[in-house]
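The values are calculated or read from the model by the stated rules, or taken from the named source; none is laboratory data. Quick caveat, the model's predicted, so the values are computed rather than measured. Ideal geometry is used to build each Cβ from the backbone, glycine not excepted, and the neighbour counts take in all protein chains shown. Remember, those area values only see protein heavy atoms, side chains included, never the ligands or the DNA or RNA. Shrake-Rupley method; radii C 1.70, N 1.55, O 1.52, S 1.80 Å.
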Amino acid sequence: MSTAHAASSSPSKVKKAAVKKPAVKKPAVKKPVTSVKKAAVRKVSHAKPARRVKATVAGGKTRVTQSRHSVVRVSVPARASVGQRLGLRESDDPLDLSSSVALVVDQASNQILFSKNDSAVLPIASLTKLMTGLVIVDAGLDMNESITITADDIDTMKGSRSRLAVGTTLTRGELMHLSLMSSENRAAHALGRTFPGGMREFVRRMNGKAEELGMQDTRYVEPTGLSSDNRSSARDLVTLVSAAAERPMLRDLSTSPGYEVDVGRRTLHYNNSNRLIKNPEWDIGLQKTGYISEAGRCLVMQARVAGRELIMVFLDASGKLGRLQDAERVRRWVEKQADLLSDSPARPQG
């Protein structure tokens, strides 16, 4: 009887076991949930690289920092220059120049050949370096004296770059060359910082020289032109160019096509910031370019055109090539005027 009971009870146990098997397989139903969670994790992982990308925009230019997985590009309109805010770019002129301000003067006779907003006082950017060079030359300092670039020479106003690393040692003459030819900001700052009496005395000399020359619209606060508080008018800049052109060193250094300096284990090659220097159609005796967003593109030159020594000033030109195109238009216009005069018939004699 016990045997029969055991036999009858064993089938029920088998059935119960069969019923429990589906319960063991139930976790398989959760697999879709697990797959959804994984998809969510993948989505987050794709979003993380975008957060790590930083983009900094300055002066209307786009600077991009790239992460390992993605790049973000950001662009904003360029900041309006002072001349633009004053409405000077809306001024019409016969040559359709892009510069807000222009002045062309015959150096020998002081005759004004062309003028556009020449009394406006605007930021002059690196045209400042022409006065920096003039003060250094007139001080009669030793051009072979060694000067070392320090952290004080780093641009903290505009964040501009420099190939002259802190610790680089060059002569005063080499720093002058780089400052005037390729507008090297650290070079110009080091020239002012190491002037006898320091930077304050140097800036005082800059303003004193401007007053001595009769530049009543001009004010300097530092030697590079990075500050928009360095301001002048086209009339005053004609005076500055005329005075600087009398110093052979300033003429030679500012019109040098290129220059190389040894900085330890390597040699740095610099080019002139004014591409017209290498143009055979131009005979340039002295020049200086300049740019910060507040000043726009600027250019001053002393050049021989149609047999005349002319001083040209262009301030707040739009676009990278605007100031150069304006200079070309003026040159062609002056040459055309000379041709018209030479083609005039001679008066009958007798």
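Here each label is just a point 7 Å from Cα along the line to Cβ, and for LYS336 and LYS278 those points are 2.9 nm apart.
Rounded to the nearest 10 square angstrom, HIS177 shows an accessible area of 20 square angstrom against a 1.4 Å probe. Each part reduced to its alpha carbon centroid, the range 81-123 and the range 195-244 end up 20 Å apart.
Restrict the search to the range 91-190; then list the trypsin sites (Lys or Arg not before Pro) that DSSP places in a loop and that have at most 10 other Cβ atoms within 10 Å of their Cβ. Don't skip to the end; give the middle numbers.
Working: sites: LYS116, LYS129, LYS158, ARG161, ARG163, ARG172, ARG186; in loops: LYS158, ARG161, ARG163.
Taking the range 91-190 and a limit of 10 other Cβ atoms within 10 Å, the loop trypsin sites (Lys or Arg not before Pro) found are ARG161.
The simple Förster model, with R0 at 45 Å and r as the Cβ-Cβ distance, assigns GLN111 and ARG85 a FRET efficiency of 0.90. One compactness figure for the range 193-264 is 1.27, namely its Cα radius of gyration divided by 2.2 N^0.38 Å.
Using heavy-atom solvent-accessible surface (probe 1.4 Å) with all chains present, what is the largest-first order of TRP333, TRP282?
Working: TRP333 75, TRP282 20 Å².
So, going from the largest accessible area down, we get TRP333, TRP282.
Scattering from the range 82-133 was approximated by placing one identical point on each alpha carbon and applying the Debye formula without solvent; log10 I(q)/I(0) at 0.16, 0.17 1/Å stands at -0.59, -0.65. Simple point charges give the picture: +1 on the Cβ of Lys and Arg, -1 on the Cβ of Asp and Glu, and for the range 162-208 a dipole about the Cα centre of about 140 debye.
Considering only THR148, SER109, SER126, and ranking their Cα positions along the charge dipole of the range 105-183 that arises from unit charges at the beta-carbon of Lys, Arg, Asp and Glu, the one farthest toward the positive end is SER126.
Normalising the average separation of contacting C-alpha pairs (under 8 angstrom, six or more residues apart) by the number of residues puts the relative contact order of the range 173-267 at 27 percent.
Is the shape of the range 90-167 rounded, prolate or oblate, going by the alpha carbon gyration tensor and its root eigenvalues a ≥ b ≥ c, with a/c under 1.5 for rounded and a/b larger than b/c for prolate? In terms of gyration-tensor shape, oblate. Which shape class applies to the range 142-237: rounded if a/c is under 1.5, otherwise prolate when a/b exceeds b/c and oblate if not, where a ≥ b ≥ c are the square roots of the Cα gyration tensor eigenvalues? In terms of gyration-tensor shape, prolate. Relative contact order of the range 228-350, taken over Cα pairs closer than 8 Å and 6 or more residues apart, is 19 percent.
Placing R0 at 25 angstrom, the Cβ-Cβ distance between LYS158 and ASP96 gives a FRET efficiency of 0.25 after rounding to 0.05. Rounded, prolate or oblate: pick one for the range 131-170, where a ≥ b ≥ c are the square roots of the eigenvalues of its C-alpha gyration tensor, a/c under 1.5 means rounded, and failing that, prolate if a/b is larger than b/c, else oblate. Judged from the Cα gyration tensor, the range 131-170 comes out oblate (a/c at least 1.5, b/c at or above a/b). For the range 110-231, relative contact order (Cα pairs under 8 Å, six or more residues apart, normalised by length) works out to 34 percent.
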